[in-house]
Amino acid sequence: MKVKVIVTLKNGVLDPQGKAIQQTLNGMTFDNVSEVRQGKYFDIEVNEADESEAKSQVEEMCKKLLANLVIEDYKIL
Amino acid sequence: MKSSVIIFPGSNCDRDMDVALKKFGFENQMVWHNDAEIPKSDLIVLPGGFSYGDYLRCGSIAGKSRIIKSVIDFANSGGLVLGICNGFQILTETGLLPGILQQNKYLNFICKNVFVKIKNKENKYFKKIKKEVLELHIAHNEGNYFCSHDELKSIEDNGQIAVTYCDHKGNDDEKNNPNGALKNIAGIFNKDKNILGMMPHPERMIDPFLSGEDGSLFFENLIESL
């Protein structure tokens, strides 16, 4: 089954790319944008029929590789 | 003294490091990332570059490569492990060093000479270096050191800050911070000071005709201390 994961920077961690995107949007007349935070999205095909088992495997992947827990949080959708 | 430089796909400072180590008397060997074991060594170096194209996060894929287990075992047994630039990023991703190197604050790739202040000489990497400030080269996009508040306190309490960005007089204030790094941190140790990760490249400053010689001081001390 397919498992979807979103990795985002923790609150309070500087996101210079998000800031640059926000400023660009403001310059493009989207001047009501006050903040942009950029993240990563993963589609993971796991050869596992049981949904909770697949998700628990993906959770391990998040902790060990997909996210760096010093600065990032992950969410399994 | 035997040293090993590990080559990952995308490493590009491995040969410079090899030249530098040999120039100052190390018997250096190059080790491929997919090997299972590191040959007998007194020093392991993770060189600069762009291992695995910086995919996912800088150093994250290299941090899971086959050779890394023996690097971790070597480090945990007290062996000297030096990570320069991408090597520093790999060391944080393996968990051997705390924190992480984030993208530079102003989003630019920085390639220039900088001054760094030596913050702790009670270790084999800086012990006999007489200078307090070294001129070294940096070239990176992700050198913005970050760690949690608690981690920073523990790093400071344990004297783990190795070098900080500063001016030629050693002022390591915000004005002399090229990339937004917390506390101007350019390099840190583990608690036991046998592991050092730093963004500046000493291997690029070993020739008076090409660059400068403050890198020579680093390697001369290293071979003497071992």
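The values are calculated or read from the model by the stated rules, or taken from the named source; none is laboratory data. Small disclaimer: the values here were computed from a predicted structure and weren't measured. Cβ: placed from backbone, ideal geometry, glycine included. Neighbour counts: every protein chain shown. Just so you know, the surface numbers come from the protein's heavy atoms only, side chains and all, with ligands and any DNA or RNA stripped out. Shrake-Rupley method; radii C 1.70, N 1.55, O 1.52, S 1.80 Å.
Is it the case that some residue within the range B:203-225 is buried (at least 22 other Cβ atoms within 10 Å of the Cβ) and more than 19 Å from B:LYS23 (Cβ to Cβ)?
no
Of all the residues that make up the range B:103-120, how many are more than 18 Å from B:GLU203 (Cα to Cα), open to solvent by 20 Å² or more (accessible area, probe 1.4 Å) and touching an Asp or Glu at 6+ places or on another chain (Cβ under 9 Å)?
Here the count works out to 2.
Checking the condition surrounded by fewer than 17 Cβ atoms within 10 Å (Cβ to Cβ) and not aliphatic (A, V, I, L, M), which residue from B:GLU135, B:GLU151, B:GLU93 passes?
On inspection, the qualifying residue turns out to be B:GLU151.
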